[in-house]
Amino acid sequence: MKDTERQIDTSSLERPVGPAVRLGWQRKCPNCGSGPMFDGYLTVRHDCPVCEQELYHHRADDGPAWATMVLTGHVLAPAMIIVYELFRPEPWVMAVGFSLGIVLLSLWFLPRIKGVFVAFQWAKRMHGFGSDGD
């Protein structure tokens, strides 16, 4: 039987959030898990090159940037206190070291967190991810 002859209502099927979010963290397609989600650093592909899942429906907006700032701050703020209390480095050493740390950690977190946002929206069928074309 051809795929076009078989009509299955996939809009009511449950999509597991946990595996989708893990795949999003890995910057992989939440549907197949093998195709890349991004075309470049932060540009989400129109669709997955492996399974052809449409990915353009996402509405991440400023959420990943906000979550990156919150997470980076919560990781590095205690580290700053610990380094200062244990080693008492010069102020310029603290400023340069932690500025570099903030930039690098933010650049590492941002695409992963954006992948999580897109994968969560896919799993919850938000913003057009729940259409029959999925």
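We did not get these values from a lab; they are worked out from the coordinates using the rules stated. Every value quoted in this text rests on a predicted model; they were computed, and no experiment measured them. Neighbour counts run over all protein chains shown; Cβ positions are idealised from the backbone, glycine included.
Amide H contacts of VAL44: ASP39, each under 5 Å away and 5 or more positions distant or on a separate chain (H built 1.01 Å from N in the peptide plane; Pro and chain starts excluded). Within the listed set HIS58, HIS74, HIS46, the residue fluctuating most in the Gaussian network model of the chain (springs between alpha-carbon atoms under 10 angstrom) is HIS74.
Shown is the FRET efficiency for VAL75 and HIS127, computed with R0 = 30 Å from the Cβ-Cβ distance and rounded to the nearest 0.05: 0.50.
Take each uninterrupted DSSP H stretch in the chain, measure its Cα extent along the helix axis, and return the ones at 30 Å or beyond whose mean Kyte-Doolittle hydropathy is at least -1.0. Could the numbers behind the result be given before it?
On the way: long enough: 63-87 (35 Å, 1.30); 91-123 (46 Å, 1.42).
TM-like helix candidates: 63-87, 91-123.
Normalising by the residue count of the chain, find the relative contact order in percent from Cα pairs under 8 Å and 6+ residues apart. Working shown, then result.
Numbers: 154 pairs, mean separation 51.6, N = 134.
Taking the mean separation of contacting Cα pairs over the length of the chain, I get 38 percent.
Would you kindly state the longest site-free stretch of the chain, with sites defined as chymotrypsin sites (Phe, Trp or Tyr not before Pro) in a DSSP loop (not H, G, I, E, B) surrounded by at most 15 other Cβ atoms within 10 Å? By the stated rule (loop sites, at most 15 other Cβ atoms within 10 Å), 57-134. Normalised by 2.2 N^0.38 Å, where N counts its residues, the alpha-carbon radius of gyration of the stretch 79-134 equals 1.94. Along the chain, the exposed loop sites are trypsin sites (Lys or Arg not before Pro) outside DSSP states H, G, I, E and B with at most 14 other Cβ atoms within 10 Å, and the longest stretch free of them is 60-123.
Relative to 2.2 N^0.38 Å, what does the C-alpha radius of gyration of the chain come to as a ratio? Two decimals please. Walk me through the numbers on the way to the answer.
Details: Rg = 19.6 Å, N = 134, 2.2 N^0.38 = 14.1 Å.
Rg over 2.2 N^0.38 Å, computed on Cα atoms: 1.39.
A dipole drawn for the chain from +1 and -1 charges on Cβ atoms has a positive end, and of TRP122, TYR84, MET94 the residue lying farthest that way is TYR84. Secondary-structure-derived ellipticity at 222 nm for the chain, considering helices only, amounts to -17500 deg cm²/dmol, per-run term -39500 (n - 2.57) for DSSP H runs with n ≥ 4.
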